[in-house]
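Enquirer: Would you mind keeping the following structure in view while I ask a few things?
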Amino acid sequence: MRIIAKSTLKKFWEQPQYSDSQAPLESWHEEALKAIWTSPQAVKVNYGNASICANNRVVFNIGGNKYRLVVEMQYRACIAWVKFIGTHEQYNKIDVENVSEY
């Protein structure tokens, strides 16, 4: 998969209060780069706890569910577009289907 964009993830983990997210986000990024997700079911094979949402959105639990990563999947183009990364509390305040923070 092509990830748009690692710089978004890096911008998040470089904030001192979220520095503990670096290792799990880098791990997710490396796994996603190698993945071939052609459907929501393919994502679930690798990430059984991922939430498949409307509007081609997938929510990944990061760092033991401390953080939530919302990605818009463009399956045919093999693109995963980061739309939101935040704490569980911040996630609860967004509309997953329409968020486009980055």
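Enquirer: Number of Lys-Lys pairs in the chain under 17 Å by Cα, sequence gap 8 or more or different chains?
Expert: Taking the Cα cut-off of 17 Å, the pair count is 8.
Enquirer: Can you compute the modelled spin-label distance between LEU33 and ASN65, with each label point 7 Å from Cα toward Cβ, in nm?
Expert: 2.9
Enquirer: Working from Cα positions, state the angle (0 to 90°, nearest 10) between the long axis of helix 22-34 and the longest principal axis of the chain.
Expert: Result, in degrees: 10.
Enquirer: Placing one identical point scatterer on every Cα of the chain and ignoring solvent, what is log10 I(q)/I(0) from the Debye formula at q = 0.15, 0.23, 0.24 Å⁻¹?
Expert: The Debye formula, applied to the Cα set alone, gives -0.53, -1.36, -1.50.
Enquirer: About the Cα centre, and with charges only on the beta carbon of Lys, Arg (+1) and Asp, Glu (-1), how big is the dipole of region 1-82? Nearest 20 debye, please.
Expert: Working: 10 positive and 6 negative charges, 44 e Å.
The calculation lands at about 220 debye.
Enquirer: If you don't mind, another one. Could you give the length gained by full extension between GLN17 and ASP95, i.e. 0.36 nm per residue of separation minus their alpha carbon distance, to one decimal place?
Expert: 25.7 nm
Enquirer: When the helix-only estimate is applied to the chain (DSSP H runs of n ≥ 4, each -39,500 (n - 2.57), divided by the residue count), what is the mean residue ellipticity at 222 nm, nearest 500 deg cm²/dmol?
Expert: Value at 222 nm, helices only, nearest 500: -8500 deg cm²/dmol.
Enquirer: Can you list which of the GluC sites (Glu not before Pro) found in region 32-97 are DSSP loop residues with at most 13 other C-beta atoms within 10 Å?
Expert: Sites meeting the loop and neighbour criteria: GLU97.
Enquirer: Any idea which of ALA23, ILE79, VAL58 is furthest toward the positive side of the dipole for the chain, if Lys and Arg beta-carbons carry +1 and Asp and Glu beta-carbons -1?
Expert: My answer, from the dipole projection, is ILE79.
Laboratory data are not the source of any read-out in this text; all were calculated from the coordinates shown. Keep in mind the model is a prediction, meaning the values are calculated, not measured. Here the Cβ is made from the backbone with ideal geometry for all residues, glycine too, and neighbour counts use every protein chain on show.
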